[in-house]
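S.K.: Okay, here's the structure, questions in a sec.
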There are 10 protein chains.
Amino acid sequence: MDRNLVTQKIISAKVKNKMTWCKIAESIGQSKEWTTAAMLGQMTLTARQAAVAQELFDLTDEETLWLQIVPYKGSLPTPTDPLIYRWYEIVSVYGSTIKELIHEEFGDGIMSAIDFKMDIQRQADPNGDRVNVMLSGKFLPYKTY
Amino acid sequence: MDRNLVTQKIISAKVKNKMTWCKIAESIGQSKEWTTAAMLGQMTLTARQAAVAQELFDLTDEETLWLQIVPYKGSLPTPTDPLIYRWYEIVSVYGSTIKELIHEEFGDGIMSAIDFKMDIQRQADPNGDRVNVMLSGKFLPYKTY
Amino acid sequence: MDRNLVTQKIISAKVKNKMTWCKIAESIGQSKEWTTAAMLGQMTLTARQAAVAQELFDLTDEETLWLQIVPYKGSLPTPTDPLIYRWYEIVSVYGSTIKELIHEEFGDGIMSAIDFKMDIQRQADPNGDRVNVMLSGKFLPYKTY
Amino acid sequence: MDRNLVTQKIISAKVKNKMTWCKIAESIGQSKEWTTAAMLGQMTLTARQAAVAQELFDLTDEETLWLQIVPYKGSLPTPTDPLIYRWYEIVSVYGSTIKELIHEEFGDGIMSAIDFKMDIQRQADPNGDRVNVMLSGKFLPYKTY
Amino acid sequence: MDRNLVTQKIISAKVKNKMTWCKIAESIGQSKEWTTAAMLGQMTLTARQAAVAQELFDLTDEETLWLQIVPYKGSLPTPTDPLIYRWYEIVSVYGSTIKELIHEEFGDGIMSAIDFKMDIQRQADPNGDRVNVMLSGKFLPYKTY
Amino acid sequence: MDRNLVTQKIISAKVKNKMTWCKIAESIGQSKEWTTAAMLGQMTLTARQAAVAQELFDLTDEETLWLQIVPYKGSLPTPTDPLIYRWYEIVSVYGSTIKELIHEEFGDGIMSAIDFKMDIQRQADPNGDRVNVMLSGKFLPYKTY
Amino acid sequence: MDRNLVTQKIISAKVKNKMTWCKIAESIGQSKEWTTAAMLGQMTLTARQAAVAQELFDLTDEETLWLQIVPYKGSLPTPTDPLIYRWYEIVSVYGSTIKELIHEEFGDGIMSAIDFKMDIQRQADPNGDRVNVMLSGKFLPYKTY
Amino acid sequence: MDRNLVTQKIISAKVKNKMTWCKIAESIGQSKEWTTAAMLGQMTLTARQAAVAQELFDLTDEETLWLQIVPYKGSLPTPTDPLIYRWYEIVSVYGSTIKELIHEEFGDGIMSAIDFKMDIQRQADPNGDRVNVMLSGKFLPYKTY
Amino acid sequence: MDRNLVTQKIISAKVKNKMTWCKIAESIGQSKEWTTAAMLGQMTLTARQAAVAQELFDLTDEETLWLQIVPYKGSLPTPTDPLIYRWYEIVSVYGSTIKELIHEEFGDGIMSAIDFKMDIQRQADPNGDRVNVMLSGKFLPYKTY
Amino acid sequence: MDRNLVTQKIISAKVKNKMTWCKIAESIGQSKEWTTAAMLGQMTLTARQAAVAQELFDLTDEETLWLQIVPYKGSLPTPTDPLIYRWYEIVSVYGSTIKELIHEEFGDGIMSAIDFKMDIQRQADPNGDRVNVMLSGKFLPYKTY
């Protein structure tokens, strides 16, 4: 048994029971972004959160324990998926722009991907609705020593 | 001569003359995000915008023409750069979450990286200031035929 | 269970029952191109289309649900297959030509692979029949902001 | 000297003199698709065609000879370019569909990328104009022996 | 079930029953080269050929149907195998020579790998017997349009 | 200076002076296959052969010395070239067949790519002329010890 | 001009003038670890530090400016170098151990490579002196939101 | 059966029984760093250490034997994991610095990854606790012969 | 069934029965180097050798037949294993040296990896025992034709 | 200036002056194996050795200094070269054998590639002379801590 198997069981149960991530997030008591990432095997749950997941997805006690173990994170099922690829394209086309503007504003350092949060919203638009994604990460300066 | 050489000349001139992207964007008359991407060789300039760039960076007429030719876009100078890598990590860790949540809200389709805009802001925070990046892309649904 | 397993079951049933994609498309009520892509796990079916597929391929209720979930798209079983490689070769040899001519006609932007359709026809020819493939994608201009 | 250098000189001259591929194709006396591919170093010119190119782009005699030598073909300047990537995505998403439908119609074999032609047209559309690309390749059957 | 599984069953049966490709080819009624490629999952069999294979290898009806479906071709089990690597080395060392000499004789075009046949013979030699491989492919000229 | 530069000079001189590999091979006194490979930087020339090359291509004394130094062999200018790719495809589709048939005839061992020769011929054919390539390599058995 | 050229000039000057990193660090007024990284193009210098470097390495004013621009970081000249490879091996062999022990002590999060310092010391040892490297990075916990 | 399966069983048992690496190390009688690496399949255990592991994790006799066989070492489950990636980043950004400083102190040679030990400690810090990792490897000089 | 499965069974049996390669080689009647390579799936056994292996490892008749079939050779389980990596490092650091010295002594050609043998010995040394590996391959000259 | 340029100058001078590595090694006063590796940029020379090289190859003072700087080692000019590839093949086919036999004799550890020497000899043989290469590396045991 490993976390991967628990993730697959959760996804299967969600399809079978026609659940939504928004409803699942409400039960877990966190944002839909963090909750989805956690259910997809990227975040560590507290005992209380894991207990909610156990009930929602009918997990065994051992599976529930695995949700509380820090997972190996990252790596996507299909890097060729068009929706996901667009994000690599954004980094490829705008990556140097992002670097230049953050350094111009903050100096040498990075935008944290750990002390980080994300918010995805639909914006109605007469020319076609838009996906708005807000990424917020703490600026971490390089130290001199 | 190609666009790459013009980009290098622009970057060199910016360092030498201690210019900022914000000021350059004001002269060009567009956002700092679009302007920086354009100056770094990712966007096509109008004749008027190119004329401003010509003066700012002391470009030749031929170099100015190249700014108005659609460039080969994408590909980063150093994928190992820590600031840029954090963005690949975000896609690696959160990519499946983004896919799930956009599909839950909009159905099958993608968030456009073409009909797209980006806004980068500093957010003051007593625990350390944050980099807030808003990405906005039109939702494009897959068509049935 | 995941979409992949449903795709394999569909392909197996098609071979066993000697069905053709053209007939399957007629039952589904869409073009042979879209229907084949959908049956091969690249498109999302409506409840009605999935019900037709359920009957055609003798799927379980859970398998039928998976046809209505947006799949992870793309990635080919064998990139070494000669028929498929010829398409990579076309992009390799003609890619810069396609880029130049679309930009000459439309300016900066792309041909959409989402608002897209494809039509494959046999053209009789005394020197050997030809495969004619028409690809049609909406032009999406880069926006200035 | 090699063909690459001649291609770069042609591209540079085209930008400097604000020529279009359509006009160049008229002078060469071939389609805009074949002519652009040829000028970008993918096709071999006849002595007569090379002579036209020599005049158009002010080439030396040695450069003109190189246009008549069969070039090393393929490989793109930037595989990350969004317009070109969409074509790889089409092959990734629709490749197995194309394979299935060609085999269903013709049996085992391939669509030639050599006995091949391409035609790119703009189609006016109230929802946004479309790029229509017609690819036509002779079907080549596998032989039994 | 897929073609791969049928190939594995054929190879297993051949080892178990100590059959040779030459004898198998005689039963199928084609050359040893085409027959071996077909049995290894690279070619499509006719109904009659498949029926012979069914008997030779004790295949089920469904397995026999899969032999008549066009397979995904290519890709080798071990590119590191010394015998197979020598062929990559031949292309690496002599590839540009082959290109130059075919173009010198025929002009721009390729040697077909589809309208193609191969013949492998042992040649007795006092310094050690030789493997002689004759590859024959139709020349396909690039068309101008 | 290295062998690469000599190769480039030879290719350039051949284009400029409209020489053919067949004629060059006659002057060198070897087959057209070996000679072309040698001129393209894959083989080592004797002092006498190098002297002929010096005169043919107007090489300096130092360049002529480099032709007599064993070169770093292999690696192709463009693996994407359609003519050369067909050869990789032949190995991909027929590689396991070649392995099986050589082992069936000779036992465990390889076909040498060193004690090797190649002969390329045009075969007239009413359905289109063919390229016939004969590869001949000594069989080298694995030794037990 | 770019940072890379300045780095090369600094390395060249150091060899020519037989300087040591320890002495250079003393002049710059930082640790030998940070100073070496900075001189090798990985860190951003203050105006004062850059002025010291200008004198030490006889840099032009423009080169001195480049030292104060945030560089593209990372990527090694030779990943095959035995000393550097040992570090990749340490991560490959001990990476999962490091992950397990940090999570056991701190919970989910990472050891920062930005708020980070390094100290390299020689430890005398009768069995052969040892290289002791102390890496110290702030623990950054994943946030729930 | 192989070492991998034993490692998976150990990890599973540890999660199920809520054990810690520190406690396991105490039972084994070695440091927590070496013990964790050993349990994760990177080190060879003595008969006595394996007997302790057998009892701790309820292993069979055959599984216990595998712990005493030298394993194939290295290669990480997810190179995309953020905690592990930071270590690759440290090597990418500081690798040349480490090389320069070791050579300056010791001359030509390497820091051994075999005669090596590691110690991981938490350092309390009001600005956020730190992970301190001490790596110690014997210096091995290149020999002249 | 394939050779791989037989190899795994042999390795498993060897661990379970605490056999050594030296003893196995004595039973097979060949050197320990050839025998180990053969048992690890790299060499073809004679009927007599296979019969010995059958008894040693308790193989079925079908498994014993597979030992007599020429295997797909090469490719390592973990290229990251430190012991194996050192060999790649030797080729990376000394490869050009080996090439130069063999050509200086023998002229153009290679050292055969087929007509090849290997001998591994322990050499006692007060500074630490040494591994001595003797590789012996027939020199094969390139032929002119 | 860097070590690479010095290496190229040395190779060029050796060809021009028809020197041999054996003679060069005699002047340097080390084995032909170490000397060749050093001249090809893989080893660090002492001041005395560098002075000999300066005279042999007519180097400048700055070039002579670079020979005394520890170089970035490894990485080959052409991994496709047949002579060099045979060595990768030996590691691919015999790597697991070497690992097994060293561990059987010595236990867990590696054969050093640093405390290492190599000796290449011609062995006369009526069936064709052989290349004998003796590799000798100190065994380094993994330590428990």
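S.K.: Express in Å², to the nearest 10, the accessible area of residue H:116 obtained by rolling a 1.4 Å probe over the protein heavy atoms while all chains stay in place.
M.R.: Taking all protein chains as shown, residue H:116 has close to 10 Å².
S.K.: I would also like to ask the following. Over what distance in Å are the Cα centres of the range A:101-145 and the range G:1-34 separated?
M.R.: Comparing the Cα centres of the range A:101-145 and the range G:1-34, I get a distance of 35 Å.
S.K.: Shifting gears a bit: Sort B:94, G:145 by accessible area with a 1.4 Å probe, largest first. Mind showing how you got there, number by number?
M.R.: Details: B:94 10, G:145 45 Å².
Final ranking, largest accessible area leading: G:145, B:94.
S.K.: Give the relative contact order (percent, whole number) for chain J; include only Cα pairs under 8 Å separated by 6+ residues. Intermediate values should be presented prior to the final figure.
M.R.: Values: 132 pairs, mean separation 24.8, N = 145.
That works out to 17 percent.
S.K.: How large is the charge dipole for the protein assembly as shown, taken about the Cα centre, if only the Cβ atoms of Lys, Arg (+1) and Asp, Glu (-1) carry charge, to the nearest 20 debye? Intermediate results must be reported in sequence, preceding the final value.
M.R.: On the way: 160 positive and 180 negative charges, 1 e Å.
The calculated dipole for the protein assembly as shown is roughly 0 debye.
S.K.: Can you compute the FRET efficiency between residue E:18 and residue H:47 using 1/(1 + (r/R0)^6), with r the Cβ-Cβ distance and R0 = 51 Å? Round to the nearest 0.05.
M.R.: On the way: r = 45 Å, r/R0 = 0.88.
With a Förster radius of 51 Å, E is 0.70.
S.K.: Also, quick follow-up: What is the magnitude of the charge dipole of chain I about its Cα centre, with +1 placed on the Cβ of each Lys and Arg, -1 on the Cβ of each Asp and Glu, and no other charges, expressed in debye to the nearest 20? Provide the component values of the computation, followed by the final result.
M.R.: Values: 16 positive and 18 negative charges, 50 e Å.
Its charge dipole is roughly 240 debye.
S.K.: As a quick test, which of the pairs D:9/D:32; G:138/H:73; D:32/E:99; D:32/F:16 have an alpha carbon distance above 23 angstrom in this structure? Walk me through the numbers before you get to the answer.
M.R.: Details: D:9/D:32 19 Å; G:138/H:73 29 Å; D:32/E:99 27 Å; D:32/F:16 29 Å.
The answer is G:138/H:73; D:32/E:99; D:32/F:16.
S.K.: List the residues whose amide H sits under 5 Å from the amide H of residue B:31, counting only those 5 or more places along or on another chain, with H placed 1.01 Å from N in the peptide plane.
M.R.: Here the answer is C:145, since their amide H atoms fall under 5 Å of that of residue B:31.
S.K.: Okay, next question. Whenever you get a sec, line up B:97, A:20 from highest to lowest accessible area (probe 1.4 Å, protein heavy atoms). It would help to have the intermediate numbers written out before the result.
M.R.: Working: B:97 0, A:20 50 Å².
Most to least solvent-accessible, the answer reads A:20, B:97.
S.K.: Please identify the trypsin sites (Lys or Arg not before Pro) of the range H:1-100 that satisfy two criteria: DSSP loop assignment and at most 16 other Cβ atoms within 10 Å. Which are they?
M.R.: Values: sites: H:3, H:9, H:14, H:16, H:18, H:23, H:32, H:48, H:73, H:86, H:99; in loops: H:18, H:73.
Answer by residue number: H:18.
S.K.: Given all pairs of different Cα atoms, what value in angstroms does the Kirkwood hydrodynamic radius of the protein assembly as shown take? The partial results should precede the final answer.
M.R.: Numbers: mean 1/r = 0.0285 Å⁻¹.
Final number for the Kirkwood radius of the protein assembly as shown is 35.1 Å.
S.K.: Once G and H are treated as a pair rather than alone, how much accessible area drops out, both sides summed, in Å² to 100, probe 1.4 Å? Don't jump to the answer; show the numbers that get you there.
M.R.: Numbers: alone 11070 and 11080 Å², together 15610 Å².
Counting protein atoms only, the buried area is about 6500 Å².
S.K.: Something else about it: In vacuo Debye scattering of chain B, one point per C-alpha: log10 I(q)/I(0) at q = 0.11, 0.13, 0.18 Å⁻¹?
M.R.: Scattering profile of chain B, log10 relative to I(0): -0.57, -0.76, -1.18.
S.K.: Can you compute the charge dipole magnitude of the range B:82-141 about its Cα centre, using +1 on each Lys and Arg Cβ and -1 on each Asp and Glu Cβ, nothing else charged? Give it in debye, rounded to the nearest 20. Each step should come with its number before you reach the end.
M.R.: Numbers: 6 positive and 9 negative charges, 47 e Å.
Result for the range B:82-141 is approximately 220 debye, rounded to the nearest 20.
S.K.: Can you name the chain F residue with its Cβ nearest the rotation axis from F to A, and give the distance in Å as a whole number?
M.R.: Of all Cβ atoms in F, the one closest to the rotation axis yields F:80, 10.
S.K.: For the range D:64-71, take each phi angle, set θ = phi - 60°, evaluate the Karplus expression 6.51 cos²θ - 1.76 cosθ + 1.60, and give the result in whole Hz per residue in order, putting x for glycine and proline.
M.R.: For the range D:64-71, the Karplus-derived couplings read 5, 4, 4, 5, 9, 8, 4, x Hz, x marking Gly and Pro.
S.K.: Let me test this: with uniform point scatterers at the alpha carbons of the range D:3-66, what is the Debye-based log₁₀ I(q)/I(0) at q = 0.17, 0.21, 0.24 1/Å?
M.R.: -0.48, -0.76, -1.04
S.K.: How well do other chains shield peptide C:40-49, expressed as the mean number of their Cβ atoms within 10 Å of each residue Cβ? Walk me through the numbers on the way to the answer.
M.R.: On the way: counts 7, 1, 8, 6, 6, 2, 1, 0, 0, 1.
Partner Cβ neighbours, averaged per residue: 3.
S.K.: Taking N as the number of residues in the range G:82-141, what is its alpha-carbon radius of gyration divided by 2.2 N^0.38 Å?
M.R.: Details: Rg = 13.9 Å, N = 60, 2.2 N^0.38 = 10.4 Å.
Compared with the compact-globule rule of thumb, the range G:82-141 sits at 1.34.
S.K.: With θ set to phi - 60° and the Karplus curve 6.51 cos²θ - 1.76 cosθ + 1.60, what are the ³J(HN,Hα) couplings of the range J:116-132 in order, to the nearest whole Hz, using x for Gly and Pro?
M.R.: 9, 9, 9, 9, 10, 10, 8, 10, 5, 8, x, 8, x, 4, 10, 9, 10
S.K.: Between residue G:110 and residues 5 or more places away or on another chain, which pairs have amide H atoms under 5 Å apart, with H built 1.01 Å from N, and which residues are they?
M.R.: Those qualifying (amide H under 5 Å, at least 5 residues apart or on another chain) are G:140, G:142.
S.K.: Add +1 for every Lys or Arg and -1 for every Asp or Glu among the other residues with Cβ under 14 Å from the Cβ of residue G:28, and state the total. Walk me through the numbers before you get to the answer.
M.R.: Working: positive: G:14, G:23, G:32, G:48; negative: G:26, G:33, G:55.
Value of the local net charge: +1.
S.K.: Now a separate question. Can you tell which of A:108, A:58, A:119 shows the greatest fluctuation in a Gaussian network model of chain A with Cα springs below 10 Å?
M.R.: A:108
S.K.: In nm, give the distance between the simple-model label positions of residue B:9 and residue A:60, each being 7 Å from the Cα along the Cα-to-Cβ direction.
M.R.: The answer from the label model is 6.9 nm.
S.K.: Of the heavy-atom accessible surface of chain G (probe 1.4 angstrom), what whole percent is carbon and sulfur? It would help to have the intermediate numbers written out before the result.
M.R.: On the way: 2730 of 5380 Å².
Answer for chain G is 51 percent, counting heavy atoms of protein chains only.
S.K.: Given springs between every Cα pair under 10 Å in a Gaussian network model of chain J, which of J:49, J:121, J:68 has the largest fluctuation?
M.R.: J:121
The values are calculated or read from the model by the stated rules, or taken from the named source; none is laboratory data. All values reported here derive from a predicted model rather than from experimental measurement. All Cβ positions, glycine included, derive from the backbone under ideal geometry; neighbour counts span all protein chains shown. All accessible areas refer to the heavy atoms of the entire protein, side chains included, with ligands and DNA or RNA removed. Shrake-Rupley method; radii C 1.70, N 1.55, O 1.52, S 1.80 Å.
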